[in-house]
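A short worksheet on the structure shown next.
Read-outs throughout are calculated quantities, based only on the coordinates presented, and are distinct from any laboratory measurement. What you are looking at is a predicted structure, and each value in this text was computed from that prediction instead of being measured. Quick reminder, even Gly has a Cβ in these numbers, built from the backbone with ideal geometry, and neighbours come from all protein chains shown.
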Amino acid sequence: MSTADDQELSPSERYADYRSGRQHPVLRAFTGLYDFPLDGFQVEACREIEEGRGVLVAAPTGSGKTIVGEFAVHLALETGRKCFYTTPIKALSNQKYNDLVARYGPDQVGLLTGDNVVNGEAPIVVMTTEVLRNMLYAGSRTLLGLGFVVMDEVHYLADRARGAVWEEVIIHLPESVALVSLSATVSNAEEFGEWLATVRGDTTTIVEEKRPVPLYQHVMVGKRLLDLFASSDIDAAAGFVKEGAPVNDELVKIARDDWASSRITDRRSPKGRSKPGQRGGGPRQVGNGRRVWIPSRADVIDRLDREGLLPAIVFIFSRVGCDAAVTQCLSAGIRLTKPEERDAIYEYVEEACRHLPEDDRHALGYHDFLDGLTRGIAAHHAGMLPAFKQCVEELYIRGLCKVVFATETLALGINMPARTVVIEKLSKWNGETHADITPGEYTQLTGRAGRRGLDVEGHGVVLWQPGMNPREVAGLASTRTYPLRSSFRPSYNMAVNLVHQFGRDTSRQLLEQSFAQFQADKAVVGLARQLRKSEEALAGYREAATCHLGDFMEYADLRRQIKEVEKGATRAKRTDRREEALASLRELKPGDVIQVPTGKFAGYAVVVDPGWSPEGPRPYVVTADRQARRLAMIDFPTPVSAVTRLKIPKNFNGRNPQMRRDLASALRSRTHDLAPPPPGREAARRSADPAQTHADAEITRLRAALKAHPCHDCPDREDHARWAERYFKLDRDAQTLKRRVEQRTNTVARQFDRVCEVLTALDYLDGDTVTERGRHLMRLYSDMDLVAAESMRNGLWDDLSPSGLASALSVLVFEARRPDNASSPRLPGGGVREVVGEMVRLWGSLDVLEREHRLDFLRQPDLGFAWVAYRWAEGDDLDSVLEASDLAAGDFVRWMKQLIDLAGQVADAAGDSALRETARDTVRALRRGVVAYTALAD
């Protein structure tokens, strides 16, 4: 059996390899399907599978680990068993389905993605991981004869939103099924493999660090492409560069000169910002007179083209930035395709998009998209129509699209390797702030560079930015820190399904096998060791604090109690003030003029919207200096009250500068002659506060006991006290460690118990029995499963039309990328508004119940898609719906598909009720036009 390493084998090793071929006949036949020899790690993994063991293969992007999964498919067919090939996303499932159909024919291969059911009883079925999870819970007959499950991209297990599904599948698969897990290179692959062996039995972990194509790292400064590392003997074939590799001296000098130049510029120039949208192309004078250019996007592509470094993927951590990059390259006149390539691109896109309604093409930007593609340039991000993304992917794979400007989502999943990967900036928005990318993210992005069988070497390029430190860039490239961390937690749907199948005790034991618990238990060992050391040190501190006059620890405890009572009294005062402030905010009305006590917006302001919400009041105000802001409790450390009132214009819009100016002017006029608000009676009230009186009395009692203690007169009192303080501090730390040990022991099982307590309180569970209500919940797989089940239980949706139901369900699906606090979402009239209001109130009561049980699963419903869903279900055209929503086409389609999925679940859960037909009508109303067309492309 030949491998890529055959030329390095000795005669004895060649003989052993020959004998192995006789022992692994299926593998020997399988290798004949390829026109290249398999790598050593691929052969090793395939041998393990043929011998009946499970495998975990962790290898760099593009190394060919999917061949191991394809061998499991081949072995299943050869031995008359079934194989399920699971992927994390539908697009990957579609791609793998097409690959397997091309090899084995359509009769042998099926596809199950939720949207599509193609030959579902075939011996080989490609599916998303969620589909397999649902089949396991339902006890589907399709599982009969299953011999192998391939879990591609198994490192998705760390995904916060969906990772639990991977663990559910791994834990619940029948023991007779061999599991083939394929993962990106992670730094704790051995730990993950150890867990797989624990829950699945005999499993071999195979880690391949070596890249199939060497990767060279560069920094682009202006139009110059400089090596990141100085040494010519860097092992570019390794998965990462060894730490301490020397950095290119020229880059270090440029960085030093640039820093010096920026200090001079900062001293000479007025402070300010560059114009919005401006990026790249600007020079900076450095210390030696040279100028450093921040490379423009057009310069980058032009240089890569001239160096023969295309095709390239340029990662820009912004959808708007990706689209703008395409526009900038087209404006610069860049054309990367030949006439015959342009013809092929045009023909493919026209055919692929032929079902797109003509009226929708303008709204979707079809002609601009086609213009960019015919020049060999395209964007790729989640805001694009799935059909457009599919065109980009296919044309890129065919070598017709030369440059793709993409967000980091492209680094996960789709097989689109490049000769060169460019990273525009080393920081990105993480949902809360701009943060530097991690070494793991850097490795994952640059890992796409270098196409096996096409490129001799791959290239990773970072674009120069002001203040860049080349040594920090080198640190990103020379660290393998991408640990796999479990995101598993039991959900309400999971709980009822498990209890239905196994009963509560067995379910609890199953969940204790999760990777989350496995990692927690390993951490407990280290914590317990720390706790033992702390307890030994405590004994030493107690001995050092010994006093000949009496029990000094008792004396020190009196001192500690005095300090605690004083702190508690101070905290109580703050809490009282906060409660009073909260009560005063709840009394505010639109038009009230208040004085904001502290903070950035201190001074007079007029209340436009009191901002009542379950989290507490967040008044939306306009200040005297024309600022329109939604304030929070932190802005009100003391109570406020209306000092006067103003009339708010009926159609006031805080985003309109003129309206803000007019209202601020009226506010200044009204408050010009106002005297400062009189001092409150807070001090007098606090002096009569019973809690404060009790605290004062307790402090007096403790101080008297302190003075009467025999150790009070010890000449070494303060020396003893220092040892006692160390004792108390370490004791606090030890108690914290003890709690952490207790919390990490059986954490998942205890969380499952709390979930079951909530379900029992709501009558979804009765001991080991799932009630009729619980059976409805078993079919609802949404993140908002319990809100959906309770809405059904209370009949909130019974009288809605299909479009009304679409609107109501959307609040359980949609999550805005960035919340808009300034405006209230538009809702349909009639019964829909009331139903949505009832759903929000229902969520509020469930949120209280969750908090009582120390759970936090259900997010607040988001009303931002309700109007859009209603209008689409009513038959509005795409152009008007997109215009009203401020959504990108791809986002619109994605949310619609998730909404259709939930409506289908509601239909399944509703039994024979009228709601079942309404939900089915909702699915039909939503699945039209561009939404229906993209069913295969998402």
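Run the helix sum for the chain: -39,500 (n - 2.57) per DSSP H stretch of 4+ residues, divided by residue count, reported at 222 nm to the nearest 500 deg cm²/dmol. Don't jump to the answer; show the numbers that get you there.
On the way: 35 runs with 463 residues, N = 938.
Result for the chain, helices only: -15500 deg cm²/dmol.
Run the numbers for residue 712 and residue 793: contour at 0.36 nm per residue of separation, minus the present Cα-Cα distance, in nm.
Additional length available on full extension: 22.4 nm.
Compute the distance in nm between two label points, each set 7 Å from the Cα along the Cα-to-Cβ direction, one at residue 223 and one at residue 361.
3.8
Just to verify a number: FRET efficiency for residue 856 and residue 815, C-beta to C-beta distance, R0 = 25 Å, to 0.05?
Values: r = 16 Å, r/R0 = 0.63.
Efficiency at R0 = 25 Å is approximately 0.95.
Exactly which trypsin sites (Lys or Arg not before Pro) in region 340-402 are in a DSSP loop and have at most 13 other Cβ atoms within 10 Å? List each step's numbers first, then the result.
On the way: sites: 342, 354, 361, 375, 389, 398, 402; in loops: 354, 375, 398, 402.
Qualifying residues, ordered by number: 354, 398.
What are the lysines whose alpha-carbon lies under 19 Å from the alpha-carbon of residue 563, with same-chain residues fewer than 8 places away excluded?
Qualifying lysines at Cα under 19 Å: 573, 707, 729.
Rounded, prolate or oblate: which fits region 587-677 when a ≥ b ≥ c are the square roots of the eigenvalues of the alpha-carbon gyration tensor, with rounded for a/c under 1.5 and prolate only if a/b beats b/c?
Details: a/c = 1.56, a/b = 1.13, b/c = 1.38.
Taking the square roots of the gyration eigenvalues as a ≥ b ≥ c, region 587-677 is oblate.
Among 853, 155, rank each residue by its count of other Cβ atoms within 10 Å, from fewest to most, as a rough exposure measure.
Listing 853, 155 from fewest to most nearby Cβ atoms yields 853, 155.
Between the alpha-carbon centers of region 79-98 and region 155-184, tell me the distance in whole angstrom.
The two parts, judged by their Cα centres, are 14 Å apart.
How much FRET efficiency would the formula 1/(1 + (r/R0)^6) give for residue 722 and residue 601, where r is the Cβ-Cβ distance and R0 is 45 Å, rounded to 0.05?
Between residue 722 and residue 601 the formula returns 0.45.
State log₁₀ I(q)/I(0) for region 6-207 at q = 0.10, 0.18 Å⁻¹ as given by the Debye formula over alpha-carbon point scatterers of equal weight, solvent excluded.
-0.40, -1.32
Measuring from label point to label point, each 7 Å out along Cα→Cβ, what is the residue 840 to residue 634 span in nm?
Here the modelled spin labels are 2.5 nm apart.
So how do 176, 534, 880 line up by other beta-carbon neighbours within 10 Å, fewest first?
176, 880, 534
Just to confirm a number: summing +1 for Lys and Arg and -1 for Asp and Glu over residues other than residue 876 whose beta-carbon lies under 13 angstrom from that of residue 876, what do you get?
Net charge in that neighbourhood comes out at -4.
Using the crude model of +1 on Lys and Arg Cβ and -1 on Asp and Glu Cβ, and no other charge, please compute the dipole size for the chain relative to its Cα centre, in debye to 20.
Computed about the Cα centre, the dipole is about 3620 debye.
Going by amide H atoms built from the backbone, whose H comes under 5 Å of the H on residue 640, apart from near neighbours?
For residue 640, the qualifying residues are 584, 585.
Between residue 913 and residue 696, what is the FRET efficiency for a Förster distance of 60 Å, r being their Cβ-Cβ separation, to the nearest 0.05?
0.40
Give me the distance between the Cα centres of region 730-750 and region 583-633, rounded to whole Å.
Their Cα centres are 42 Å away from one another.
Distance from a point 7 Å along Cα→Cβ of residue 542 to each backbone N in region 693-734: keep the residues under 18 Å and list them by number.
720-734
Can you put 166, 612 in order of Cβ neighbours within 10 angstrom, beginning with the fewest?
Sorted ascending by nearby Cβ count, the order is 612, 166.
Please compute the net charge surrounding residue 334, taking Lys and Arg as +1 and Asp and Glu as -1 over other residues with Cβ under 9 Å from its Cβ.
Every neighbour counted, the sum reads 0.
Please compare each pair in 338/389; 425/897; 567/600; 428/897; 82/402 to a cut-off of 30 Å on the Cα-Cα distance and tell me which ones are over it.
Table pairs above 30 Å Cα-Cα are 425/897; 82/402.
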